[in-house]
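Only the coordinates and a few stated rules stand behind these numbers; no lab work does. These numbers were taken from a predicted model, which means no experiment stands behind them. Here the Cβ positions follow ideal geometry from the backbone for every residue, glycine too, while neighbour counts run over all protein chains shown.
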Amino acid sequence: MYALQDVFKKRHPPYAHTLRPGEFFALKDVSVEVGDCQKLLILGGPSSGKTTLARLLTGQYRPDEGQVSVVGRVCFVGKGKMGMHPFMTLREYLELALALCHVPGRSLRSRVTEVADFYEFGPWLDARIQDVPPIVTKGLPQAAGSFGEGDIFVFDESVGIGSPAFEKCYQSRLAEIFREKTVLVLAGSAKKAPEAISQCRILHSGRLFWEGTREEGLGILPLLANASSSEPLSPGKERGPGVGLLDANAPTFYWVAWAAGSRRPLTQVIDRVCSSARPRPGWAVVV
């Protein structure tokens, strides 16, 4: 019944933006702008809206409200198998992946050879995916994406993967992309947050929660994850050292820190949030 209701609302506007219990908008009131050759890091935990944002930028999704303006070709480098079928040969998959990254058809054969030589995939080019070692197939989407011809590169949880040998080659390609292209990196941990990016945003439950520098964002993200994994706190209630988030689905966010042996480091983190972030109306910090 829910599915039929949603289809009816989509086909017969206006669409009622109402939520059922336990639901939340994948993205709401989020505005992100990345200029030519600029780099931006978007941090967030599971279900924060990172992948939805990436799919909006690449045209896989259409927004219900607002608009997405892109000037240039977007090259999406995501996690997962990205269309990989076990009966495809490695060569066939690379041709498909490179075509999706705007490599013209006349250049596909030579580009596949270039990718295979760079990442040392040569011995497996004509083998089926199911017969290729997992340590090779794990990085195939990223290998193809790093040789794409986009003007804007969107990396969704696709930095810091693969074997050490693959990672070394991949990082050298990323360094070249970061020098010449517009880059948006979506990550859920410090391991996948490149040091070459200085500006950072944090998404939480589909909303833009915080903006500032990469270092400050990486300090806040674990505290936010810790708060989200806990039960909501009521005002004045204590639960040992840590940070709790009150009313996470409301427009107003409250940071609550309490001591019990670790007050000083937590206070320093809260001070950084207050001094470096750009508070919006209705944003309050409570210590």
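How big is the antiparallel share of DSSP beta bridges in region 83-218, given as a percent to the nearest 5? Given both bridge residues lie in region 83-218, the antiparallel proportion sits at roughly 60 percent. Measuring between alpha carbons in the structure, the pairs from LYS168/LYS192; LYS50/LYS138; LYS50/LYS191; LYS39/LYS81; LYS50/LYS192 lying more than 18 angstrom apart are LYS50/LYS138; LYS39/LYS81. Of the chymotrypsin sites (Phe, Trp or Tyr not before Pro) in region 54-137, the ones in a loop by DSSP (not H, G, I, E or B) with at most 14 other beta carbons within 10 Å are PHE87.
If you take the square roots of the eigenvalues of the alpha-carbon gyration tensor of region 22-89 and sort them as a ≥ b ≥ c, do you get rounded (a/c under 1.5), prolate (a/b over b/c) or oblate?
Oblate, since a/c reaches 1.5 and b/c is not below a/b.
Taking the Cβ-Cβ separation of GLU176 and LEU19 as r and a Förster radius of 51 Å, what is the calculated FRET efficiency to the nearest 0.05? Display every interim value, and only then the final one.
Working: r = 44 Å, r/R0 = 0.86.
Rounded to the nearest 0.05, the efficiency is 0.70.
The label-point distance for GLU167 and ASP36, in a model that sets each label 7 Å from Cα toward Cβ, rounds to 3.6 nm. So, in Å, what gap is there between the alpha-carbon centers of region 182-213 and region 67-131? Spelled out, the Cα-based centre of one part sits 26 Å from the other. Considering region 65-186 at the alpha-carbon level, its Rg and Dmax are found to be 14.1, 49 Å.
Under 8 Å for C-alpha pairs, at least 6 residues apart: give me the relative contact order for region 33-166, rounded to a whole percent.
Rounded, it is 34 percent for region 33-166.
Packing-based ranking of 48-57, 207-216, 133-142 yields 48-57, 207-216, 133-142, ordered from highest to lowest mean Cβ neighbour count within 10 Å.
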